[in-house]
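Trainee: After the structure tokens below, expect a handful of questions from me.
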Amino acid sequence: MIKMVPPQRPEGRGLLNGKTILITAAAGTGIGFAIAERAVDEGAQVMISDIHEQRLLTAAEKLSKKSGKTILNKLCNVTKEDQVKALVDSAVKKMGHVDILVNNAGLGGTANIVEMTDEQWYAVIETSLTGTFRMMRAMLKHMTARKHGVIVNNASVLGWRAQSGQAHYAASKAGVMALTRCAAVEVARSGIRINAVAPSLAMHEFLNKVTSEELLLKLKSREAFGRAAETWEIANVVAFLASDYSTYMTGEVISVSSQRA
């Protein structure tokens with residue numbers, strides 16, 4: 001019988017030694033912070049961004065204490081082109097170059113289509129899809145000049161699967177998947193790889209606040225392991241895609257999920 005408790009979080013193996021990485025939406029307790037923590041464990045020089053100043057500074061301090069290194073950070077709202085450009089310019093200036101970009105910024109919400117307002121629709125699309133596009137556009141100008149780089153986008157299994165009340169979020173994540181594939185083809189000859197992860201259910205503090213216990217239990221019951229993923233389990237796959245262990249992968253979307261078919 002499969003145990004419902006998560007396994008132990010693995011130690012770092014130096015997968016990203018000598019690499020520089022920029023991660024969006026990395027404050028708080030979610031997947032972004034877990035990715036930053038994994039990047040630190042794997043030996044990367046890390047810069048994080050977020051829209052929430054105090055949470056960003058707190059996250060940088062936690063990572064700095066753990067690693068003994070300075071964790072660069074900068075506020076950025078990915079729906080604002082000037083802030084996106086400033087973030088990429090700052091990352092390149094402070095780290096010398098950016099080897100890896102992780103696009104984690106996204107926005108969710110619940111509303112049935114007949115009740116969904118234009119504002120609700122556009123807010124999710126603007127952050128989750130257009131924000132990812134803006135970050136990629138700005139960073140690819142830097143990476144193509146170097147003819148080197150890796151981008152990992154955060155999608156969702158809802159880009160493939162249906163769930164009531166999630167039309168805007170699902171559409172945005174399906175868009176991220178398509179964007180990933182098209183961009184990967186465009187820049188492959190420039191030595192750049194672009195892939196995406198598609199988590200199903202990753203448990204963290206914010207999710208608990210915005211999702212009812214009834215729905216969480218229902219979603220967990222669909223998972224083969226009978227539990228949600230830990231955020232670090234998603235981060236592990238991101239680290240693999242960012243590392244030299246995935247050099248022949250581009251335009252792929254990896255489902256980080258145990259959901260039954």
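The values are calculated or read from the model by the stated rules, or taken from the named source; none is laboratory data. Since the structure is predicted, the reported quantities are computational estimates derived from the model, not experimental observations. All Cβ positions, even for glycine, are placed from backbone atoms using ideal geometry, and neighbour counts span all protein chains on display.
Trainee: May I ask you to say which residue of G131, G106 is in contact (Cβ under 8 Å) with a residue 40 or more places away in the chain, part of a loop (DSSP other than H, G, I, E, B), among the small types (G, A, S) and under 23 Å from E37 (Cβ atoms)?
Mentor: Working: G131 fails: part of a loop (DSSP other than H, G, I, E, B).
Just a single option satisfies the conditions, and that option is G106.
Trainee: Would a scan of the stretch 119-128 turn up a residue that is in contact (Cβ under 8 Å) with a residue 12 or more places away in the chain, part of a helix (DSSP H, G or I), over 18 Å from the mean Cα position of the chain (by Cα) and crowded, with 20+ Cβ neighbours inside 10 Å?
Mentor: No - not one qualifying residue is present in the stretch 119-128.
Trainee: Moving on. Every residue in the stretch 184-203 that is without any contact (Cβ under 8 Å) to a residue 60 or more places away in the chain and part of a helix (DSSP H, G or I), please. Give the steps one after another, and end with the answer.
Mentor: Initially, the stretch 184-203 is screened for residues without any contact (Cβ under 8 Å) to a residue 60 or more places away in the chain, giving 186-187, 189-198, 200-201, 203.
E186, V187, R189, S190 - these are the residues of the stretch 184-203 that are without any contact (Cβ under 8 Å) to a residue 60 or more places away in the chain and part of a helix (DSSP H, G or I).
Trainee: Shifting gears a bit: Of everything in the stretch 68-85, what is part of a helix (DSSP H, G or I) and crowded, with 18+ Cβ neighbours inside 10 Å? Give them in sequence order.
Mentor: Keep residues of the stretch 68-85 that are part of a helix (DSSP H, G or I), which gives 81-85.
Matches in the stretch 68-85: V84 only.
Trainee: Got a number for residues in the stretch 10-54 being closer than 21 Å to S246 by Cα, in a loop (DSSP other than H, G, I, E, B) and touching a residue at least 40 places away in the same chain (Cβ under 8 Å)?
Mentor: 6
Trainee: Here is a follow-up. Please state which one of V92, V88 is assigned to a helix (DSSP H, G or I), crowded, with 16+ Cβ neighbours inside 10 Å, more than 18 Å from the chain's Cα centre (by Cα) and among the aliphatic types (A, V, I, L, M).
Mentor: Selected residue: V92, the only one of V92, V88 that is assigned to a helix (DSSP H, G or I), crowded, with 16+ Cβ neighbours inside 10 Å, more than 18 Å from the chain's Cα centre (by Cα) and among the aliphatic types (A, V, I, L, M).
Trainee: Can you run down the residue pairs with Cβ atoms below 8 Å, 6 or more apart or on separate chains, where the first is in the stretch 56-83 and at pLDDT 95 or above and the partner is among the hydroxyl-bearing types (S, T, Y) and loosely packed, with under 15 Cβ neighbours inside 10 Å?
Mentor: Listed pairs, sorted by first residue: S64/T70.
Trainee: Let me ask something additional. Does V187 satisfy the condition of being touching a strand residue (DSSP E or B) at 6+ places or on another chain (Cβ under 8 Å), at pLDDT 95 or above, closer than 23 Å to A26 by Cα and of a type in the set (A, V, I, L, M)?
Mentor: No.
Trainee: Taking the stretch 221-261 as the search range and keeping residues that are outside any loop (DSSP other than H, G, I, E, B), surrounded by fewer than 16 Cβ atoms within 10 Å (Cβ to Cβ) and at pLDDT below 90, which one is farthest from the chain's Cα centre (by Cα)?
Mentor: Among residues in the stretch 221-261 that are outside any loop (DSSP other than H, G, I, E, B), surrounded by fewer than 16 Cβ atoms within 10 Å (Cβ to Cβ) and at pLDDT below 90, the one farthest from the chain's Cα centre (by Cα) is S221.
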